[in-house]
Amino acid sequence: MTLTIEDLIIPVKLSSNRKTMQLTVDRDSSLLLTAPPTVTKDKLEGFVRSKLSWIYQKLAEKSLMQKTIRPKQFIQGEGFLYLGRSYRLNLVDEQIVPFKFHQGRFHLSITNANDARKLFIDWYSSKGLNWLTAKANEFKNRLGVEYSSLKVRDLGYRWGSCGKNQTLYFHWKTILLPAKIAEYVVVHELSHLIEPSHSAEFWLCVERAMPDYKERKQWLAEHGMEVEGL
C-alpha cells in the first residue's frame, strides 16, 4: 500500500508485530509508515497529516546535509574517517602493497590511484568485520543472545540488518563512525534477535545493554550522513 498526501509518496508496511503506527525518514529522504494490519486507511492518512510539519522539517534537514557533503578526493592530504577520527591520505611512488594504514596515515600507491575507492572499501570492510565481531561478542552477553554469523557489506542506506538464521549484517561505513556510535548500531541489531520490530520491548532491550542509547541514536540521526562522502 502507498499513501499520496500533498507532494509526499509514502509506502506503508503492515506488520502484525506492531501495535502502534511509526513514521520514519531514511537517510536517502525516503519515507516509510509502519502500522498494525488492522489500522484503516483513514487513520493512516490522519496520522501522516498530523506529522506533516515534522516530515518537512526532517526532509529539509537531510536536503541541507546532502548539499554540504563534499565527495572525497583521493589526493595528497585528503582526510578519511576511521572510527570517528580523520586521517590523512599519503600518496607514495612505491610501496609493497597498493594500500595500507600505517603510523596514523592512509598510504596509497600512485600506480593504484584509479582503484582508490575500492581499496578503501576493502580495507574498511576487513577492519570493520574484525571490530564489529568483537563488539557483537561483547554485547551479546549483556543481551543474552546468540548470532550465527556476522557479515560486512554495502547495505545502501541502512547501517545494519538482522537477517534470516540469526545473521547480522553491517554496512562497511559503520567503521567510519565514532566507536560509541558504531557500538549502538551493533546493540541495535543484536536487540532485533529478541524483538524484530521497533516496539517498546525492543527499545527496552537496547536500553538494558546500553543505558545511554538515546544520546547515541540522536547523534547518528543528526550526523550519520557526514560519513557519506566516500
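Looking only at the stretch 162-215, which residues are under 14 Å from Leu83 (Cβ atoms) and basic (Lys, Arg)? Outline the logic, then answer.
Taking the stretch 162-215 and keeping what is under 14 Å from Leu83 (Cβ atoms), we get 170, 172-186.
Scanning the stretch 162-215 gives Lys173, Lys180.
Which count do you get for residues in the stretch 101-122 that are touching a residue at least 12 places away in the same chain (Cβ under 8 Å) and in a strand (DSSP E or B)?
Residues meeting the conditions: 6.
Condition test on Trp219, is it part of a helix (DSSP H, G or I), of a type in the set (A, V, I, L, M, F, W, C), out of contact with any strand residue (DSSP E or B) (no Cβ under 9 Å at 6 or more places or on another chain) and over 20 Å from Tyr157 (Cβ atoms)?
Numbers: part of a helix (DSSP H, G or I): yes; of a type in the set (A, V, I, L, M, F, W, C): yes; out of contact with any strand residue (DSSP E or B) (no Cβ under 9 Å at 6 or more places or on another chain): yes; over 20 Å from Tyr157 (Cβ atoms): no.
No.
Within the stretch 27-36, identify whether any single residue is more than 30 Å from Gly160 (Cβ to Cβ), surrounded by 15 or more Cβ atoms within 10 Å (Cβ to Cβ) and either modelled with pLDDT of 95 or more or not assigned by TED's automatic domain parsing to the domain that holds His198 (or both), and answer yes or no. Give the steps one after another, and end with the answer.
Going residue by residue through the stretch 27-36, those that are more than 30 Å from Gly160 (Cβ to Cβ) are none.
Checked the stretch 27-36: no residue is more than 30 Å from Gly160 (Cβ to Cβ), surrounded by 15 or more Cβ atoms within 10 Å (Cβ to Cβ) and either modelled with pLDDT of 95 or more or not assigned by TED's automatic domain parsing to the domain that holds His198 (or both).
Just checking: which of the strands (runs of 3 or more DSSP E) contained wholly in the stretch 5-51 hold 3 or more residues that are in contact with a helix residue (DSSP H, G or I) (Cβ under 8 Å, 6 or more places away or on another chain) and under 20 Å from His198 (Cα atoms)?
Working: elements: 8-14, 22-25, 31-35.
Where strands (runs of 3 or more DSSP E) fall fully within the stretch 5-51 and carry at least 3 residues being in contact with a helix residue (DSSP H, G or I) (Cβ under 8 Å, 6 or more places away or on another chain) and under 20 Å from His198 (Cα atoms), they are 31-35.
Need a quick list: strands (runs of 3 or more DSSP E) entirely within the stretch 123-201 having at least 3 residues that are assigned by TED's automatic domain parsing to the domain that holds Asp212 and buried (at least 19 other Cβ atoms within 10 Å of the Cβ). Spell out the reasoning first.
On the way: elements: 149-153, 160-162, 167-171.
Hits in the stretch 123-201: 167-171.
Can you report the number of residues in the stretch 161-194 which are free of Cβ contacts under 8 Å to residues at least 24 places away in the same chain and not basic (Lys, Arg)? Explain how you work it out, then say what you get.
Our first condition is that a residue be free of Cβ contacts under 8 Å to residues at least 24 places away in the same chain; within the stretch 161-194, this holds for 163-165, 167, 169, 171.
Cutting the leftovers down to not basic (Lys, Arg) gives us 163, 165, 167, 169, 171.
Residues in the stretch 161-194 being free of Cβ contacts under 8 Å to residues at least 24 places away in the same chain and not basic (Lys, Arg): 5 in total.
Take the residues of the stretch 147-160 that are touching a residue at least 24 places away in the same chain (Cβ under 8 Å) and among the hydroxyl-bearing types (Ser, Thr, Tyr): which is farthest from Leu132 (Cα to Cα)?
Tyr157
I'm trying to understand the selection: among the residues of the stretch 80-122, which are of a type in the set (S, T, N, Q) and either closer than 22 Å to Arg70 by Cβ or surrounded by 14 or more Cβ atoms within 10 Å (Cβ to Cβ) (or both)?
If we filter the stretch 80-122 for residues that are of a type in the set (S, T, N, Q), which is where we start, we get 86, 90, 95, 103, 109, 111-112, 114.
Matches in the stretch 80-122: Ser86, Asn90, Gln95, Ser109, Asn112, Asn114.
The values are calculated or read from the model by the stated rules, or taken from the named source; none is laboratory data. These numbers come from a predicted model, not from an experiment. Cβ coordinates were reconstructed from backbone atoms using ideal geometry, including for glycine residues, and neighbour counts include every protein chain displayed.
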